[in-house]
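Structure, as structure tokens:
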Amino acid sequence: MTERKASAKVIPTEIIPEPGSRTVAIDGKDYLVANDAMFTFYQRSKGELSPYFVALRDEKRILGCKCTRCGLVRVPPFLTHCPDCEFTPTELVEVQQVGVMNSTPPITYFATSLFQRMAPFGRGRVILNGADTALSVNVYTTTGILVPGLIKKGAEVKVVFRDDRIGESSDIFCVPTCELTPEQVEKKGLQESEINWEAAVIPQLPKASKEQVGIYEDSVREIASVIEEMNRTERAKRDIAEWKRDIQVKTMGGEFGILIDDGEIRLRQGKVASPDFVMVCEDPRVLLDGLAYRGALTDAVILKKLWISKNQEFVTIFKLDRMARSLARTSKR
């Protein structure tokens with residue numbers, strides 16, 4: 001999971017553009033476009049919802065408002081009077097931290113800059129035990145990158161609290177209870193650091209035939225050739241600047257490593273000593289097609305042709321796709 005740094009700003013540094021300009025052609029005419037900024041910082045009150053957000057931040061509790069006449073519990077507590085009971089006053093009550101998804105959550109892979117650090121994530125609504133309305137929440141998995149069909153309507157989920165909370169909706173998220181221990185499911189105020197995000201089970205691949213071994217060997221040679229071209233292409237190298245990852249790739253015919261080191265990318269035969277994450281694909285041509293810009297690795301992940309051991313490493317896959325695109329654009333010149 002992503003963590004907020006102590007020095008983090010309201011506007012993340014990585015989305016602030018450098019000074020500069022570029023020329024854009026529109027209807028046959030060139031126009032100069034320059035990077036600029038307009039600053040608008042402000043403070044806002046949580047108003048009548050303050051008790052709800054304070055409880056999230058300081059007490060790791062989830063509150064709802066209960067009508068003192070009909071007993072309906074709404075979460076979050078966005079009403080002080082029940083509209084169904086002639087505006088009878090409501091009272092704050094605590095609800096449980098386990099519930100059921102009331103719909104299959106759509107998955108966001110390509111988020112805007114402000115939410116990019118959270119992607120990929122499911123966005124759904126969960127009816128917590130003790131509540132009558134559904135709470136909007138992000139959904140994650142410990143089994144690798146979140147893919148369609150992994151979490152469905154009716155799935156039981158557990159609320160997890162972020163270690164660094166500031167009193168906002170993203171202070172909590174949900175994980176399927178089937179991925180947690182009974183003790184974690186029962187624990188009130190379970191935090192993200194108490195979950196083993198390294199526990200994804202690597203898929204077992206069938207034994208390779210002689211033909212599949214041959215496909216692997218041919219594909220690795222072609223991948224190595226593509227990587228050499230990337231290292232000769234400044235535009236592609238910029239796509240992985242200040243990025244370091246050691247990746248273990250497992251296929252039916254064999255395995256190899258892809259090493260990214262601040263603008264340089266290399267292929268290593270065999271096993272990587274301490275990989276940052278693992279890719280698994282039965283057919284190495286899936287990876288080859290992505291790197292050669294004959295397909296997209298992000299699509300391969302979504303279509304379940306390429307398995308990734310860590311959800312947050314989708315950004316690395318995105319960077320590899322950008323490198324492939326940069327290489328293709330440079331080659332057309």
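Some values worked out for this structure:
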item	result
The stretch 174-201, subset in a loop (DSSP other than H, G, I, E, B) and in contact with a Phe, Trp or Tyr (Cβ under 8 Å, 6 or more places away or on another chain), residue surrounded by the fewest Cβ atoms within 10 Å (Cβ to Cβ)	Gly189
Test result for Gly290, surrounded by 19 or more Cβ atoms within 10 Å (Cβ to Cβ) and touching a helix residue (DSSP H, G or I) at 6+ places or on another chain (Cβ under 9 Å)	yes
So Ser219, is it surrounded by 14 or more Cβ atoms within 10 Å (Cβ to Cβ) and under 23 Å from the mean Cα position of the chain (by Cα)	no
Only one of Arg235, Arg221 that is in contact with a Leu (Cβ under 9 Å, 6 or more places away or on another chain), closer than 24 Å to Ala292 by Cβ and either basic (Lys, Arg) or at pLDDT below 95 (or both)	Arg235
Out of Phe121, Phe39, Phe53, sole residue that is of a type outside the set (A, V, I, L, M) and surrounded by fewer than 14 Cβ atoms within 10 Å (Cβ to Cβ)	Phe39
Selection count, the stretch 72-113, where residues are assigned to a strand (DSSP E or B) and either of a type in the set (Val, Ile, Thr) or surrounded by 13 or more Cβ atoms within 10 Å (Cβ to Cβ) (or both)	17
Residues of the stretch 135-175 satisfying the condition of being under 16 Å from the mean Cα position of the chain (by Cα), among the polar types (S, T, N, Q) and under 13 Å from Arg123 (Cα atoms)	Asn138, Thr141, Ser170
Residue check for Glu186: more than 15 Å from the chain's Cα centre (by Cα) and either assigned by TED's automatic domain parsing to the domain that holds Val278 or free of Cβ contacts under 8 Å to residues at least 12 places away in the same chain (or both)	yes
Unmet requirement for Asp36, which otherwise passes all of (1) assigned by TED's automatic domain parsing to the domain that holds Thr80; (2) assigned to a loop (DSSP other than H, G, I, E, B)	(1)
Check on Ala292, in contact (Cβ under 8 Å) with a residue 40 or more places away in the chain and more than 30 Å from Ile107 (Cα to Cα)	no
Entirely in the stretch 242-333, the strands (runs of 3 or more DSSP E) that have 2 or more residues that are in the same structural domain as Leu150 (by TED's automatic domain parsing) and more than 17 Å from Pro203 (Cα to Cα)	none
Residue check, Val159 in a strand (DSSP E or B) and either in the same structural domain as Leu135 (by TED's automatic domain parsing) or of a type outside the set (Lys, Arg) (or both)	yes
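Table: residues versus (1) in a loop (DSSP other than H, G, I, E, B); (2) more than 27 Å from Phe87 (Cα to Cα); (3) not charged (D, E, K, R).
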position	(1), (2), (3)
Pro17	yes, yes, yes
Ala25	no, yes, yes
Leu32	no, yes, yes
Ser45	yes, no, yes
Leu49	no, no, yes
Cys70	yes, no, yes
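The values are calculated or read from the model by the stated rules, or taken from the named source; none is laboratory data. It should be emphasised that the depicted structure is a prediction, and the values quoted were computed from it without experimental measurement. FYI the Cβ positions are ideal-geometry reconstructions off the backbone, even for glycines, and counts take in every protein chain you see.
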